[in-house]
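We did not get these values from a lab; they are worked out from the coordinates using the rules stated. If you're wondering where the values come from, they're calculated on a predicted model, not measured in any experiment. We place every Cβ from the backbone using ideal geometry, glycine too, and count neighbours over all the protein chains shown.
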Amino acid sequence: MNPFKLIKKILKWIVVAFFASTILSVVMYRFLPVWVTPLMVIRCYEQLKEDKDLKLSHDWVSLSEISPSLPVAVIASEDGKFIEHHGFDYKAIEHAAKRNREHPEKRKLGASTISQQTAKNVFLWPGRSWVRKGFEVYFTSLIELLWSKQRIMEVYLNSIEMGDGIYGAQAVAEEHFHKDAKDLTRSECALIAATLPNPRKFSSKSPSSYMLKRQSRILKEMKYVGEFPMK
């Protein structure tokens with residue numbers, strides 16, 4: 001066989017295998033709990049590399065077993081247009097790009113939606129490369145197409161890093177508030193949401209004055225979000 005034809009055939013099957021496997025995984029996670037994510041594995045490796053105690057606290061619970069205030073809090077904090085958009089908030093992206101271009105000396109402003117963060121947490125690795133961003137766009141489009149908003153929120157609230165070695169609503173509720181996720185108060189949900197820009201730096205267990213200010217702002221924003229449709 002001509003070597004160029006062979007290479008072309010191999011590349012064709014690689015592409016077919018990629019799309020088949022990724023679509024299948026997204027379909028499977030529409031129904032199955034996400035027990036482990038790439039970030040969890042990476043964090044465990046980092047802990048071992050730094051000679052730290054291995055910690056991975058994660059308990060999957062259904063959306064109905066999470067306080068209805070928590071989806072409202074993360075929408076208010078992270079993605080005000082979550083219900084409306086189809087995975088991407090183009091106005092927020094435009095605003096972030098303009099601000100980062102005009103003020104390169106400041107910390108980069110992000111514009112990732114809850115859908116994008118879910119795609120990144122479940123299917124990808126941390127990073128800012130264009131390759132990873134391209135995969136993020138692909139997986140975000142897939143989950144928006146194949147999952148409901150409730151499923152995206154359920155996976156997000158179970159997969160998001162909420163502390164050092166702590167992942168998901170149930171784990172943070174148990175470790176920081178000594179209760180189940182369904183019993184979290186509105187104020188506690190706002191405090192958890194306040195940590196999400198950097199949950200390894202900011203703690204909902206021992207909040208700083210800065211965190212309490214963020215919590216207060218999120219509580220005010222939650223009034224405008226309304227109730228999240230849990231079903």
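Structure values in brief
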quantity	calculated
Projected label distance in nm at Asp53 and Thr22, using a 7 Å step from Cα toward the beta-carbon	4.0 nm
Gained length - Ser148 relative to Phe31, 0.36 nm times residue gap less alpha-carbon distance	41.0 nm
Helical contribution to [θ] at 222 nm, DSSP H n ≥ 4, -39,500 (n - 2.57), averaged over the chain, rounded to 500	-18500 deg cm²/dmol
The stretch 1-98: GluC sites (Glu not before Pro) in DSSP coil with no more than 15 other Cβ atoms inside 10 Å	Glu50, Glu84
Cβ crowding within 10 Å averaged over residues, with 123-132, 155-164 ranked highest first	155-164, 123-132
Simple spin-label estimate for Arg200 and Asp164 in nanometres, 7 Å along Cα-Cβ	1.0 nm
HN-Hα J in Hz across the stretch 137-147 - Karplus 6.51, -1.76, 1.60, θ = phi - 60°, x for Gly and Pro	4, 4, 5, 4, 4, 5, 5, 5, 6, 9, 10
3J(HN,Hα) from dihedral phi, the stretch 54-61, Karplus parametrisation 6.51/-1.76/1.60, rounded to Hz, x for glycine, proline	6, 9, 9, 9, 7, 10, 6, 9
Efficiency of FRET between Tyr45 and Trp13 - r from beta-carbon atoms, R0 22 angstrom, step 0.05	0.10
Stretch gain in nm, segment Trp130-Leu212, where the contour uses 0.36 nm per residue and the Cα spacing is subtracted	26.0 nm
